[in-house]
């Protein structure tokens, strides 16, 4: 009789442990599934935000080379002031054609007319052409002039600025 009780108690304990671990395993699996689901939703959400953020290009940042060019050349400063005014107006998307024209005037002046050394004038021009291509990817003149400046950098043995 004692043996029977012992086996019943052991069987009951095994059954309870089995049920307990089954519950833990189920909870663990559910936790994993919910975690994966949450991470998937979070990833999709952040990709949506980053795609939205990338769809609205912004003006190029004025680096030290551009600042030097603007300080050294009054006309470059005036042309850039037009670009800056449109960019900062908050209506750049509404004035897209005007903005492209202003960037092209600035970039073409810097590339072809500015009385500055190549090390100073090409970087702002390249950035301006890139901005035009962000606004209008098929702009032929900007594509051609951007490629020309990149070739000049290669010919000088210098890396092409990526900013």
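The values are calculated or read from the model by the stated rules, or taken from the named source; none is laboratory data. Note that the structure is predicted; figures quoted are calculated from it, not measured. Glycine also receives a Cβ, built like all others from the backbone with ideal geometry; neighbour counts cover every protein chain displayed.
Per-residue answers, yes or no, for (1) within 23 Å of residue 93 (Cβ to Cβ); (2) not in a helix (DSSP H, G or I):
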{"position": "123", "(1), (2)": "no, no"}
{"position": "131", "(1), (2)": "yes, no"}
{"position": "134", "(1), (2)": "yes, no"}
{"position": "154", "(1), (2)": "no, no"}
{"position": "158", "(1), (2)": "no, yes"}
{"position": "161", "(1), (2)": "no, yes"}
query = Out of all the residues in region 144-159, is one or more surrounded by 15 or more Cβ atoms within 10 Å (Cβ to Cβ), in contact (Cβ under 8 Å) with a residue 40 or more places away in the chain and out of contact with any strand residue (DSSP E or B) (no Cβ under 6 Å at 6 or more places or on another chain)?
reply = no
task = Scan (1) surrounded by fewer than 16 Cβ atoms within 10 Å (Cβ to Cβ); (2) within 17 Å of residue 62 (Cα to Cα) for the single condition residue 94 breaks and write down its number.
result = (2)
key: residue 69 vs. criteria part of a helix (DSSP H, G or I) and within 24 Å of the chain's Cα centre (by Cα)   = no
ask   = residue 56 is checked against (1) touching a helix residue (DSSP H, G or I) at 6+ places or on another chain (Cβ under 6 Å); (2) at pLDDT below 80; (3) more than 18 Å from residue 162 (Cβ to Cβ) and fails just one. What number does that condition carry?
value = (1)
